[in-house]
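Have a look at the structure below before the remarks.
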């Protein structure tokens, strides 16, 4: 990925994490522009690489799916940055769509039997969460659907890790980190395990920013590798 864009992303992510940790909560809505700006830098980098491949007569469906998913993640960042709970479900839906596209992107690069084998272990954390913790009635089905999509995403990530190549390790780690970030959000929102505060914010944001970067940078590297670039 372009060095300048990588530096901009890392700087934006660091500022937002530091700001959130100091506040002990997600910053007020205007500050979410920093978080959305970080996502936009990844979108620009991915689209730029995709356009370069197309100009050489090549295309990469998996990278295109990542590009399609990133705007949903950026929208989710904005929705969840609005104070109050009114935009929580739209934010959940936006991330659901984004992660679903990321999952499909990874699956297109995997042998189906390998992916199928990873579905069972990927089910365990989500099943534990749904079985042991009580959800508000109005969020039961939204959260269940989100957990189902995250399970598919995690299974793809585990399958990628099993391929034992540097790029597949990057993509698999990215998927696992994004899953971890959402697991922390769930534990903090629906259980007393993780109270709000600086530690909670760092545990949510650090794997989120790292996971998103790894998914995008890994997808770009793999797309270029397939055309010998």
Worksheet, complete the sentence: Apart from one, (1) surrounded by 15 or more Cβ atoms within 10 Å (Cβ to Cβ); (2) farther than 21 Å from residue 154 by Cβ; (3) at pLDDT 90 or above all hold for residue 7; the odd one out is (1)
Worksheet entry | One residue from 194, 203 being under 20 Å from residue 21 (Cα atoms), part of a helix (DSSP H, G or I) and either over 11 Å from the mean Cα position of the chain (by Cα) or at pLDDT 95 or above (or both) | 203
Worksheet item: Do we have any residue at all in segment 165-173 that's touching a helix residue (DSSP H, G or I) at 6+ places or on another chain (Cβ under 8 Å), more than 30 Å from residue 109 (Cα to Cα), assigned to a helix (DSSP H, G or I) and free of Cβ contacts under 8 Å to residues at least 40 places away in the same chain?
Response: no
Item to complete: Just need a number here: residues in segment 20-47 that are more than 20 Å from the chain's Cα centre (by Cα) and either under 28 Å from residue 104 (Cβ atoms) or exposed (fewer than 14 other Cβ atoms within 10 Å of the Cβ) (or both).
Response: 5
Discussion item. Could you go through segment 50-59 and let me know if any residue there is within 19 Å of the chain's Cα centre (by Cα) and surrounded by 18 or more Cβ atoms within 10 Å (Cβ to Cβ).
Written reply: no
Worksheet item: Can you find even one residue in segment 208-223 that is part of a helix (DSSP H, G or I), farther than 24 Å from residue 91 by Cα, modelled with pLDDT under 90 and in contact with a helix residue (DSSP H, G or I) (Cβ under 8 Å, 6 or more places away or on another chain)?
Response: yes
Discussion item. Out of 82, 67, 74, 17, I need the residue that is surrounded by 15 or more Cβ atoms within 10 Å (Cβ to Cβ), outside any helix (DSSP H, G or I) and in contact with a helix residue (DSSP H, G or I) (Cβ under 6 Å, 6 or more places away or on another chain). Which one?
Written reply: 82
Practice prompt. Could you check, for segment 131-138, whether at least one of its residues is part of a helix (DSSP H, G or I), surrounded by 19 or more Cβ atoms within 10 Å (Cβ to Cβ), at negative phi and modelled with pLDDT of 85 or more?
Written response: no
Discussion item. Among the residues that make up segment 93-104, is at least one of them without any contact (Cβ under 8 Å) to a residue 24 or more places away in the chain and either on the phi < 0 side of the Ramachandran plot or part of a helix (DSSP H, G or I) (or both)?
Written reply: yes
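The values are calculated or read from the model by the stated rules, or taken from the named source; none is laboratory data. Values in this document were obtained by computation on a predicted structure and should not be read as measured data. Cβ sites come from the backbone with ideal geometry, for glycine too, and all protein chains shown count toward neighbours.
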